[in-house]
Amino acid sequence: MSVTRIRFDRAIGHDMTEYTQFHIEAPGIALRDAPRPPLQIAAHKAVFDAFDAAGPDDDVVRAAGDALWTCLSVHRNTEEAFRPILSNGATDGALRLAFSDLAGDAKALPWEALRETQAGFLCFDRRIPILREVETETTPDLQIAHTDTLRFLAVIGARGDDGQGEWARLHRALRSLDGKVKVRALILASRQDLEDEINAIGDPQIQAETIPHGADALVARIERFGPHVAHLFCHGYAGAQSVLEIEDGSVNYGGTQPTWLMRGDLLRALSAKAWLVVLNACSLADVAGAEDGGLGTPETASLCEDLVQSGIPVVVGMRGPMLAEYAHAFGGAFHERALKALGHAIAQGGGELDLGACFSEACCAILANPPLPPMLAAARIRDWTFPVMTLRSGPLRIRVIGGGAAPAGAAPDEDEATLLAREEAIGEREVLADMLDTRGDMLPDDAVREIRARIAELEAQLSARARPAEDTALDEA
């Protein structure tokens, strides 16, 4: 795969003023030594402001994309570095963006709208994924035992939405799998009628439950299921304390208080096993609106970036509010392609995984049925630029444990026996937890105590994997 990478960092000029500069790389291409030019954001401030306050008749997306390309064109190596991914016939290129902690002004720009004069929008016209990369200390393989199932979780709890549109697209994605890989899906829905509809399908691989009330209960249910892929359709709010607002099952009984999930809640629920998390919620990939205390403070990072830094390999979120129909289209199209890619890699015994192509195709699916001609729609409707994929540095590789030799290039960080033991512990924990969920009220007290004690033992074994520090307090101020 051809990859062009741009790194943004801060520098201090001769007059002691700070500015953001950038460097362009193209592995495999002998680029000339070149100075790192400043990113001329101020020169295009009016264009970016217009993008943020888009009107229905303004070509704000095209203008922003052109301005971003103009900013990059001042580098001596831009044309040469982009040639491999923009050349005629190129089909598997990607643009990766890496931001230092202090380059918050560059990070806040709508890079997903980048447009080259001749090639058009990189993502929309050329299907070149624009990915935001986070430097991580380690890049372990995504590991799964050959006896395990690929576990998919969806939480459908957006206040004011009945969930039907979201479920229809996710169901289509699940049905698109070819059956070569075992899949189990847990759908947590806020609305009772949606839960009943899903269970009435009678598919043994798909189970629906009501979203439990309260962060602790919801986190416990997600953690017990242990998804490899998690999708959350809800409302989100960016800021110094980014938060998910989830309508839970209490809405069926007149409840009005949602369940709130913070960064620490998501890490408790997902960091033990999740490979891919999609936050189909407003603004959780946004850094421009964060209430930070200055350049370089932790608050400038979006929730997506924060989750990747904390160990989840790939997180997809939104830069801004999106119409429900566009959110449905993106989520369904992305999972249809991503689940196929995951399933194929597992069926092949492991290998390198490219989710970037799934992302760019899903962005384009947002305007599959636009209210305007396609090219005019892409120039004016910002929603297709709102999804953001944030992923760790380095390749993504799946390693199937116990199903034969590891794929070429795989670098396991644990021996096979240890990994198999961990997968067995996860499976036993799930069986026991499900037993308490479904029959706990009918079991004798001593049996319940024994089961809980065994779950605690299994949790202690699994806790060998270090967890990030929790941050679950919602800042009401």
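The values are calculated or read from the model by the stated rules, or taken from the named source; none is laboratory data. These numbers were taken from a predicted model, which means no experiment stands behind them. No Cβ is skipped: glycine too gets one built from the backbone with ideal geometry, and neighbour counts run over all protein chains shown. Just so you know, the surface numbers come from the protein's heavy atoms only, side chains and all, with ligands and any DNA or RNA stripped out. Shrake-Rupley method; radii C 1.70, N 1.55, O 1.52, S 1.80 Å.
Details
- Only Cα pairs under 8 Å and 6+ residues apart enter the sum, and on that basis the relative contact order of the chain stands at 17 percent.
- Distance from the C-alpha centroid of region 152-205 to that of region 25-53: 42 Å, rounded to the whole angstrom.
- In degrees, nearest ten, helix 356-365 long axis to first principal axis of the chain (Cα): 80 degrees
- Normalised per residue, the accessible area of region 29-76 is 56 Å², obtained with a 1.4 Å probe and no contribution from ligands, DNA or RNA.
- Solvent-accessible ranking of TYR237, TYR253, TYR19, largest area first, probe 1.4 Å: TYR253, TYR237, TYR19
- In Å, descending, principal axis extents of the Cα set of region 1-88: 44, 43, 17
- Per atom type, the chain shows carbon and sulfur on 50% of its accessible surface, probed at 1.4 Å.
- Overall Cα dimensions of region 361-401 - principal axes, largest extent first, Å: 48, 18, 12
- Calculated FRET value between ALA200 and ARG454, using beta carbons and R₀ = 25 Å, to 0.05: 0.15
- Taking N as the residue count of region 1-148, its C-alpha radius of gyration divided by 2.2 N^0.38 Å amounts to 1.16.
- Radius of gyration, Dmax [region 73-180; alpha carbons; angstrom]: 19.5, 53
- Rule-of-thumb Rg ratio for region 39-99 [Cα; 2.2 N^0.38 Å; N residues]: 1.33
- Computed from backbone phi with θ = phi - 60° and the Karplus coefficients 6.51, -1.76 and 1.60, the 3J(HN,Hα) list for region 156-167 is 10, x, 8, 4, x, 10, 7, x, 5, x, 5, 5 Hz; x is used for glycine and proline.
- Rounded to whole Å, the principal axis extents of the Cα atoms in region 321-381 read 44, 21, 18, largest first.
- Region 190-274, Rg to Rh (Cα coordinates; Rh as Kirkwood inverse mean 1/r): 0.98
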